[in-house]
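The values are calculated or read from the model by the stated rules, or taken from the named source; none is laboratory data. Everything quoted here is computed from the prediction, not taken from an experiment. Heads up, the Cβs are rebuilt from the backbone with ideal geometry, glycines too, and the neighbour counts pull from every protein chain shown. We work out accessible area using only protein heavy atoms, side chains counted, and drop any ligands, DNA or RNA first. Shrake-Rupley method; radii C 1.70, N 1.55, O 1.52, S 1.80 Å.
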Amino acid sequence: MSTFQAPKGTYDLIPPRSAVFLAVRDAISAQARSAGYGYVETPGFEDVNLFARGVGESTDIVTKEMYTLTTKGGDQLALRPEGTASVLRAALQANLHKQGNLPVKLWYSGSYYRYERAQAGRYRHFSQVGAEAIGAEDPALDAELIILADQAYRSLGLRQYRILLNSLGDKECRPVYREALQTFLRGLDLDEETLRRAEINPLRVLDDKRPDVRKQLVDAPLLRDYLCDACKAYHEEVRALITAAGVVFEDDLKLVRGLDYYTRTTFEFVHDGLGAQSAVGGGGRYDGLSEMIGGPALPSVGWALGVDRTVLALEAEGVELDLPAATSVFAVAIGEEARRLLFGKVTELRRAGIATDFSFGGKGLKGSMKDANRSGARIALVAGERDLAEGVIQVKDMESGEQRPVAPDALLDAVRAILG
Ligand code: AMP
């Protein structure tokens, strides 16, 4: 062991488990790519005010969980705690919204940082794949994103998740509701901090998980009863479209999310095998965010799915992904001359697009064959002095156990024939 350890709340991805992470990222991004979302990559840190203004000054993410730093040049930066604000900032900076084609559809994948109390499923460094559709108010877009996320989980083989859906209203109806909720909350027996939160951001109180608070919230006014006609119609259309797609969801009238920028459609994917940190992904519409960060009005919608928790969900359900072996061919050479010949063949196979590994480190036949087995390769190539003398390389199909000598010039064809 080294003197150093991964920092608290973080962990390393190492083989073989790391292959599952890659597969999860791939499966999620495949859905976004299949629907015309283009890849965007933004810096790991941004001006701290982008998040303060975008995510919300009173959210836990901004007040407690951001990793902030002042550079030697005096810039105030923050490691990104989420992706949406950065992606929208990037789209605005590049003027993507002025190029005629709205919505601008983008997907991303990367590391995010929150200084949280670390526990199972909650880390200080975690990984998300996200998708954002910027610049269109269309319930079909909200539906598209929910269907794509559902399809991503489904394609991975997950079954024990639920989709929670709600509408948070818009700038017309939410303020009216906010006041009604505030009046209600002021009459409750709440601790000081919660009362303060009720004044700044009353909707977040609905998200309180403590039983004594939850009990008092049973009769809280519901946003649904305050939605304006436009929001109601919009929400009904989203519900109808995802229902028609066969996606099962639950209306969760108390669903609010930990970020302030959401309007109208909000949703969360929760997995029942994960305990307290059950949200595997979430998202919603954020019609006001662009203006909050100094841009024009650009109604938008998006989601971010957590890669770490999706992997935990797969493990909880006992789903084994059908991962291809890292290499198709493993070459075992005994003796200097054979090493030179086979190493050359390894390069040739790789150049032909066949994933190939080699018995490095000068192990004997037995040790090298063990490595070949462990690699999961379909084919082992074996060459020793006797093979060289006969001008052949032994090609062993590890699945059938069949082995036959092949002339070096015919090796590529022989390998291709087995791999099909
Ligand atoms: P949020 O932006 O908080 O809605 O997060 C979206 C998704 O990212 C969540 O549903 C989780 O799967 C994942 N996520 C958020 N925070 C963490 C964390 N601290 N550790 C692991 N995953 C997280």
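Key figures
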| read-out | value |
| --- | --- |
| Residue tally, condition of a type outside the set (D, E, K, R) and either in a strand (DSSP E or B) or free of Cβ contacts under 8 Å to residues at least 40 places away in the same chain (or both), over region 85-101 | 7 |
| Residue list for region 221-230, filter: surrounded by 15 or more Cβ atoms within 10 Å (Cβ to Cβ) and either in contact with a Cys (Cβ under 6 Å, 6 or more places away or on another chain) or among the acidic types (D, E) (or both) | Y226, L227, C228 |
| Considering residues of region 292-310 that are within 18 Å of I163 (Cβ to Cβ) and in a strand (DSSP E or B) only, the residue farthest from the ligand (Cβ to nearest atom) | V301 |
| Every pair of residues 6+ apart whose Cβ atoms lie under 8 Å, when the first sits in region 229-254 and is farther than 17 Å from D138 by Cα while the second is aromatic (F, W, Y) and part of a strand (DSSP E or B) | F249/F267 |
| Region 124-152, residues that are under 30 Å from P7 (Cα atoms) and under 14 Å from the mean Cα position of the chain (by Cα) | H125, F126, S127, Q128, V129, G130, A131 |
| Lone qualifier among R17, R117, R33 - being within 13 Å of the ligand (Cβ to nearest atom) and open to solvent by 30 Å² or more (accessible area, probe 1.4 Å) | R117 |
| Evaluation of A233 against (1) assigned to a loop (DSSP other than H, G, I, E, B); (2) out of contact with any strand residue (DSSP E or B) (no Cβ under 7 Å at 6 or more places or on another chain) (one fails), failing number | (1) |
| Members of region 240-277 that are at positive phi and within 14 Å of the ligand (Cβ to nearest atom) | G275 |
| Residues being over 16 Å from G344 (Cα atoms) and outside any strand (DSSP E or B) - total across region 388-412 | 7 |
| Test: E82 is within 16 Å of the ligand (Cβ to nearest atom), modelled with pLDDT of 95 or more and either open to solvent by less than 30 Å² (accessible area, probe 1.4 Å) or out of contact with any Leu (no Cβ under 7 Å at 6 or more places or on another chain) (or both) | yes |
| Residue tally, condition within 16 Å of the ligand (Cβ to nearest atom) and open to solvent by less than 10 Å² (accessible area, probe 1.4 Å), over region 85-107 | 4 |
| Region 278-291, residues that are within 14 Å of the ligand (Cβ to nearest atom), surrounded by fewer than 24 Cβ atoms within 10 Å (Cβ to Cβ) and over 13 Å from D150 (Cα atoms) | S278, A279 |
| Hits in region 125-180 - residues which are in contact with a helix residue (DSSP H, G or I) (Cβ under 8 Å, 6 or more places away or on another chain), in a strand (DSSP E or B) and within 16 Å of the ligand (Cβ to nearest atom) | F126, S127, Q128, V129, G130, A131, E132, Y161, I163, L165, N166 |
| Any chance S58 is within 20 Å of the chain's Cα centre (by Cα), under 24 Å from E268 (Cβ atoms) and hydroxyl-bearing (S, T, Y) | no |
| Some residue of region 121-136 being open to solvent by 20 Å² or more (accessible area, probe 1.4 Å), of a type in the set (D, E) and closer than 28 Å to G294 by Cα | no |
| Residue match in region 400-416 (condition: open to solvent by 90 Å² or more (accessible area, probe 1.4 Å), charged (D, E, K, R), touching a residue at least 60 places away in the same chain (Cβ under 8 Å) and more than 24 Å from P15 (Cα to Cα)) | yes |
| So K64, is it open to solvent by 40 Å² or more (accessible area, probe 1.4 Å) and farther than 23 Å from S29 by Cβ | yes |
